[in-house]
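Below is one structure; the comments refer to it alone.
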Amino acid sequence: MKCEICGKEFVWENHRFCSTECRHKYIGSQCNKNGKLNGHPQFNKNVKGQWQSKPGGWNCPYCSEMFRTRIEKQNHVKTNHPEQQKGFAWNKGLTKETNENVAKNGKSISDNYKSGKSKRYNHKEIWTEEKRKRQSELMKQLYLLHPEKHPNVKVSQNRKRMTYPEQLTFDFLLKCGFNPNHNKHIKTQTFNRYVDFYIEELKLIIEIDGEHWHQDKEKDNNKDVEAESIGYKTLRIKPKQGVILQLKNFFDNVVEKQ
């Protein structure tokens, strides 16, 4: 397939554009921070937001209090007049012990699940292993065409988002006279990865192995072998074993070999 906007080739079936950015250019719309489509900028220019104040202020419909913004009035109604609000009873802070409607609705929902009339959402049945692999391949293709959209790009641009072990590693490397690249994107013909730190002079990759994100040891070993095959060294830091101690031991060994 060939994108109608930028002309890049991609392999997504039944698509006209290679990314949502190109599609937005075509339909003349833009995305907000949550990724939802807004209307045309000229149309949205005069729309009032819920935080905007009006000249007379916002008055509570159930008492005589006045508020500067609409959101302040809404918070006041939720906290001081829960019984008067529209919507479901459990959104008002009521429980089945204090309200008959909540107890009645809760019992009917429970009976429907037990009888099989209503089905629970089972993400394991919906998101099968094949679907996850297909989604992963699609995202890889997207990031190859548009590397600037990768989540690690935003992380690398904001050093305040470093974890504590990453901050210790970064400070230690600066004291040693290196210029470490945080969340560096390394791309060759056979290698395409974002790494925690990269030192160009030594061709050294430093990965901080947290317990949650690095449970698959075999996968990490395969990455190290792949990096070594094209000339990159990999140092894996275990935060619980002491970040500074592991870094000192590694660089002392490098100095001794030289």
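Could you please find all residues in the stretch 95-107 being under 38 Å from the mean Cα position of the chain (by Cα), surrounded by fewer than 12 Cβ atoms within 10 Å (Cβ to Cβ) and part of a helix (DSSP H, G or I)?
Lys107, the sole residue that qualifies.
When Asn34 is evaluated against the numbered criteria (1) closer than 30 Å to Tyr143 by Cα; (2) outside any helix (DSSP H, G or I); (3) modelled with pLDDT of 75 or more, which criterion, by number, is the only one it fails?
Among (1) closer than 30 Å to Tyr143 by Cα; (2) outside any helix (DSSP H, G or I); (3) modelled with pLDDT of 75 or more, Asn34 violates only (3).
Out of (1) within 30 Å of the chain's Cα centre (by Cα); (2) loosely packed, with under 13 Cβ neighbours inside 10 Å; (3) at pLDDT 90 or above, the odd one out for Leu245 is which?
(1)
Please list, ordered by first then second residue, the pairs with beta carbon atoms under 7 Å, 6 or more apart or interchain, first in the stretch 122-142 and among the hydrophobic types (A, V, I, L, M, F, W, C), second surrounded by 10 or more Cβ atoms within 10 Å (Cβ to Cβ).
If the second residue must be surrounded by 10 or more Cβ atoms within 10 Å (Cβ to Cβ), the pairs left are Leu138/Trp12; Leu142/Ser19; Leu142/Lys149.
Rundown of residues vs (1) among the charged types (D, E, K, R); (2) under 17 Å from Glu166 (Cβ atoms), yes/no style:
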position	(1), (2)
Ile205	no, yes
Glu218	yes, no
Val225	no, no
Val243	no, yes
Phe251	no, no
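Please tell me if Glu97 is modelled with pLDDT of 80 or more and out of contact with any Gly (no Cβ under 9 Å at 6 or more places or on another chain). Quick ask: steps written out before the conclusion?
Numbers: modelled with pLDDT of 80 or more: yes; out of contact with any Gly (no Cβ under 9 Å at 6 or more places or on another chain): yes.
Against the criterion (modelled with pLDDT of 80 or more and out of contact with any Gly (no Cβ under 9 Å at 6 or more places or on another chain)), Glu97 qualifies.
On the given criteria, is Ile244 in contact (Cβ under 8 Å) with a residue 40 or more places away in the chain and out of contact with any Phe, Trp or Tyr (no Cβ under 8 Å at 6 or more places or on another chain)? Explain how you work it out, then say what you get.
Numbers: in contact (Cβ under 8 Å) with a residue 40 or more places away in the chain: yes; out of contact with any Phe, Trp or Tyr (no Cβ under 8 Å at 6 or more places or on another chain): no.
Against the criterion (in contact (Cβ under 8 Å) with a residue 40 or more places away in the chain and out of contact with any Phe, Trp or Tyr (no Cβ under 8 Å at 6 or more places or on another chain)), Ile244 does not qualify.
Step by step: first the residues of the stretch 138-191, then only those that are polar (S, T, N, Q), surrounded by 12 or more Cβ atoms within 10 Å (Cβ to Cβ) and within 21 Å of Gly210 (Cα to Cα), then the one that is modelled with the lowest pLDDT. Which residue is that? If you could, list the steps in order and put the result at the bottom.
Within the stretch 138-191, the subset polar (S, T, N, Q) is 141, 152, 156-158, 163, 167, 169, 179, 181, 183, 188-190.
Right, trim to surrounded by 12 or more Cβ atoms within 10 Å (Cβ to Cβ) and you get 141, 152, 156, 163, 167, 169, 181, 183.
So of that shortlist, the ones also within 21 Å of Gly210 (Cα to Cα) come out as 152, 156, 163, 167, 169, 181, 183.
Numbers: Asn152: 73, Ser156: 62, Thr163: 81, Gln167: 86, Thr169: 91, Asn181: 88, Asn183: 83.
Result: Ser156.
The values are calculated or read from the model by the stated rules, or taken from the named source; none is laboratory data. The structure presented is a predicted model; accordingly, all values stated were derived computationally and were not measured. Positions of Cβ are backbone-derived with ideal geometry, glycine not excepted, and every protein chain shown enters the neighbour counts.
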